[in-house]
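Just so you know, all these numbers are worked out from the coordinates, no wet-lab data involved. Quantities reported herein were computed from a predicted structural model and do not represent experimental measurements. So basically every Cβ, Gly included, is an ideal-geometry build from the backbone, and we count neighbours across all protein chains shown.
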Amino acid sequence: MMRQVMTLPAGRVAKWVIVALWIALLVPALMLAGKLGDVEKNDNAAWLPGNAESTKVVEQAGKFQPAETLPAIVIYDRPGGVTPADMTKARADAEAFKGITNVVGQPQGPSKSQDGKAIQTVVQVHDGKEGWDGARKVIDAMTRVGEQNANGLGFHVTGPAGYASDSVKSFGGGGLVETITALVVVAILLLTYRSPLLPLVPLLAAGGALVTAEAVIYLLAKNAGLTVNTQTSFILTVLVFGAATDYALLLISRYREELRRHEDRHEAMAEALRRSGPAIIASAATVAVSLLVLMLATLNSTKGLGPASAIGILVGLLAMLTLMPALLVICGRWIFWPVKPSYGSAGATGASIWTRVGVAVSRRPRIVWVGTALVLGVMGLGVAGLKADGIPSKGQFTTETQAVVGEEIQARHFPAGSGDPVYVVAKAASAEQVKTVLSGVPGIADVAAPMIREGEGLVVGTLDAPPGSRAAMRTVEQARAAIHRIEGAEALLGGNTAIALDIQQAAARDAKVIIPIVLVVVFAILALLLRAIVAPLLLMATVVLSFGAALGVSALVFNHVFDFAGADANFPLLVFVFLVALGIDYNIFLVTRVREEAMLHGTRRGALTGLSATGGVITSAGLVLAGTFAALGALPLVFAAQLGFAVAFGVLLDTMIVRSVLVTALALDVGRWMWWPSKLFKHRDDAQPPAGRPDSAPALAGT
């Protein structure tokens, strides 16, 4: 029954039914996918769990100031000193700001700096139902007001609202990411199959999968409380295109071979699905389950990314095993033009590069795997320099934005933390004591008089250091320790810097919990799939070693080439999950073929045959996935550039070195012990092929 379901898309009638069903599905999916931005939650507070201290402050501070507001810090500057006319303009602008939709309350200021060279006004911005995009519209309107009749007076908007606006504009490059991703997929498929028409089929199927996945995620975010943000959206794009195209490569390779063996293309596709389908399904299931482990995170952004990414993987799998086979069968052999695989024709002959790599590794497998492991270990030493404790606000972008320039000017003329303070909520009777204690904390520049509402007090303090910086976070930690010691005050400290600190601490906790669980889950899946214990242990060791090497090299590049100010707190966890899950993907493609050959010829010959048979398709798949993640570099965001580089480098390292050299050398050296305690362990290995003579492996037929 399972075999019949697997080959269903290849049926003469079924292929038309499947295409019709996908068309019917995509019509409403297109409309729902376009609404995904409406349910995104991009503010930092929405990412935190409800029990975080800064989250509680956000809830309680609503008694004192409008909820869901962000401070916009307006900075005017004139190097020669501001004039009375400049102050008049700043006051007029402040009045004009009040008339802009979603500006709430009375602006604070304008106030002139002590050196007389800058003016500062703080405006509270309500982001409304549109989230950060709502803040962008307000900042754009304020900028139009501020730049009128400036007469050489510099104007910039910074602060949380300014950075939210710049972030939305940066994320607006998502369409560019999709375009670059599609071009990468097409380019690699063209190089792989040398056909100008064939790449259109997997590209169309991957696009349909992305739209469908976005529609499902929108429904879950709207009706089931799934937290998604713009970060989720651009990661979903590269993940679906990359993984779905990987599955397409495996199936198309097998289909092309079967077309040479079967005169009827329907029979060829049915056989291709039977042979490659189980490995593709096992790989996708492993990736999806690994991503679902992210639901154990306390950080809502990470928790939401897990199911959203898993949905993308599963929908991509469905599209590549139904829509793409149906389209390929409908198109016929001409889709491979100009080199159509005709019935009875011979496939590629001669030793492939991976056959030659296997022969070279087989001469000294132990020396090869020990040497490779040592090199990877040395590469991993760079992890010690990874600064994954958050990115300061002005270090979030790879380009210079208005908010960054504004913050730099503000820091030269005003206390760095002015306009973006820390908030302490406490019992009203303890408010004055809280003010006194907070004033004595090093790094607190100023503390305002407490505000009292309904038995509770709000104390506002200004930081010396720039908001979100490491120095500011240390001040927040010291301030929390001090106010928590006030007996009976029930004092809680929040604000944007406190939110950043809580995100960092939640991310560290999530990494400690989730990484071991992912390792256990992936090991269990491999053990069930291979019916062995030794092979999964060795494969897991190679994946962890590959991850460490990728992270170590990334840290060195970030610090000494790109000079990034830091890395996002959950960056190591996301890189780990993507590289381990996707690395296991390639493990499955390779080792299932090795196991198949080992049952016939022994493990040593099976390892060489498996490498020769799958090396080409795994390399192409790795290039696709690396290229799609590298497309994240099109966004002017440090987090996107870092994630894209680390995953792209890690995938290339995995496919070119770890999978082809390290795993093959281990299999050759360990031999039949790879399969202990399964029945295959009891098979006697055949003699190793003589050095220099390629094994009799097919050029490439998939898995």
Take the alpha carbon atoms of the range 402-500, find their radius of gyration, then divide it by 2.2 N^0.38 Å using N residues; give the quotient. 1.07
Which order, highest average first, do 473-481, 507-515, 315-323, 140-148 follow once you tally other Cβ atoms within 10 Å for each residue and take the mean per peptide? 315-323, 473-481, 507-515, 140-148
Value in Å of the Kirkwood radius, where the range 216-308 supplies the Cα pairs that are averaged: 15.3
Dipole of the chain (Lys/Arg Cβ +1, Asp/Glu Cβ -1, origin at the Cα centre): which of Ala206, Val361, Leu299 lies farthest to the positive side? Val361
Quick one: angle between helix 159-171 and the longest Cα principal axis of the chain, in degrees between 0 and 90, rounded to 10, please. 30
If the viscosity is 0.692 mPa s and the temperature 37 °C, what translational diffusion coefficient in µm²/s does Stokes-Einstein give for the range 366-452 when Rh comes from Kirkwood over Cα pairs? 183
dims of the range 428-474, Cα set, principal axes, largest to smallest, nearest Å -> 34, 18, 14
Hydrodynamic radius (Kirkwood) for the range 68-170, which is based on Cα pairs only, to one decimal in Å: 13.5
Taking the Cα centre of the range 402-500 as the origin, how large is its charge dipole in debye, to the nearest 20, when only Lys and Arg (+1) and Asp and Glu (-1) carry charge on their Cβ atoms? 160
Working from the alpha-carbon coordinates of the range 428-559, get Rg over Rh, Rh being the Kirkwood radius. 1.25
Within 12 Å, Cβ to Cβ, of Ala449, how many net charges do the neighbouring residues add up to if Lys/Arg are +1 and Asp/Glu are -1? -1
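Wrap a convex hull around the Cα atoms of the range 361-417, take a quarter of its surface area, and give that in square nanometres.
6.6
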So, counting K/R as plus one and D/E as minus one, what does the shell of residues with Cβ under 15 Å around Gly316 add up to? -4
Give the residue list of GluC sites (Glu not before Pro) in the range 415-474 that are DSSP loop and have at most 13 other beta-carbon atoms within 10 angstrom. Glu454
In debye to the nearest 20, the charge dipole size for the chain, taken about the Cα centre with +1 at each Lys and Arg Cβ and -1 at each Asp and Glu Cβ, equals 2640
Spatially proximal lysines relative to Lys222 (Cα-Cα < 20 Å; intrachain offsets below 8 disregarded): Lys35, Lys41, Lys129, Lys303
Counting every Cα pair in the range 204-246, what percent are over 13 Å apart? 54
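Using the 10 angstrom Cβ neighbour count as an exposure proxy, how do Tyr423, Tyr163 rank, fewest first? If you can, show how the numbers build up before the last one.
Numbers: Tyr423 21, Tyr163 30.
Listed from fewest to most nearby Cβ atoms, that is Tyr423, Tyr163.
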For a protection proxy built on the mean count of beta-carbon atoms within 10 angstrom, sort 255-261, 133-139 highest first, please. 133-139, 255-261
log10 I(q)/I(0) for the range 536-665, Debye formula on C-alpha points only (no solvent), q = 0.09, 0.18, 0.23 Å⁻¹, two decimals, reads -0.28, -0.90, -1.29
Which listed residue (Ser309, Ile533, Val238) has the Cα farthest towards the positive end of the charge dipole for the chain, taking +1 on Lys and Arg C-beta and -1 on Asp and Glu C-beta about the Cα centre? Ile533
Residue-normalised 222 nm signal for the chain, counting each DSSP H run of n ≥ 4 as -39,500 (n - 2.57), nearest 500 deg cm²/dmol, is -20000 deg cm²/dmol
